[in-house]
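> Quick one: the structure is below, questions incoming.
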Amino acid sequence: QVQLVESGGGLVQPGGSLKLSCIASGTIISFKTMNWYRQAPGKQRELVASITSTGNTNYADFVKGRFTISRDNAKSTVYLQMNTLKPEDTGRYYCNTIQWGNPNWGQGTQVTVSS
């Protein structure tokens, strides 16, 4: 069974930075595409960034140039470096991967961007 544990969220001022981490167990992430999603209050969960097993990355338009997804397969960890944060980046951030056709989610980590 895949377990994903996110960390690194918090309260940050606009323009600030945070680095989220997602530690995976129960699977070998080197073979998998790993994703970061986020969900703001009252809104649907949306894809933020993805990284494939070969290291190719994709970003939602609203984070391009500000966020960077990366992975350390040896540590079974995926990261999301978030720079130049905006109030609209506020939300709960979730790590995600697919195992046997089923989505697996962590519990998320809260990011609040506010002055």
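The values are calculated or read from the model by the stated rules, or taken from the named source; none is laboratory data. Everything quoted here is computed from the prediction, not taken from an experiment. Here the Cβ is made from the backbone with ideal geometry for all residues, glycine too, and neighbour counts use every protein chain on show. What goes into the accessible areas is simple: the full protein's heavy atoms, side chains included, and nothing from ligands, DNA or RNA. Shrake-Rupley method; radii C 1.70, N 1.55, O 1.52, S 1.80 Å.
> Between Phe62 and Lys19, what FRET efficiency follows from the Cβ-Cβ distance if R0 is 25 Å, with the result rounded to 0.05?
Calculated transfer efficiency: 0.85.
> Here's another thing I want to ask about it. Could you provide, to the nearest whole Å², the per residue accessible area of the chain with probe 1.4 Å?
Roughly 54 Å² per residue, with all protein chains present.
> For the residue pair Lys75 and Gln39, what label-to-label distance in nm results when each label sits 7 Å from Cα along the Cα-to-beta-carbon direction?
Going from the Lys75 label point to the Gln39 one covers 2.7 nm.
> When a/c is below 1.5 the answer is rounded, else prolate if a/b is larger than b/c, else oblate, so apply that to segment 30-104 with a ≥ b ≥ c taken from the square roots of the Cα gyration tensor eigenvalues.
The shape class here is oblate.
> On the protein heavy atoms, probe 1.4 angstrom, tell me the percent of accessible surface of the chain carried by carbon and sulfur.
The nonpolar share, carbon plus sulfur, comes to 48 percent.
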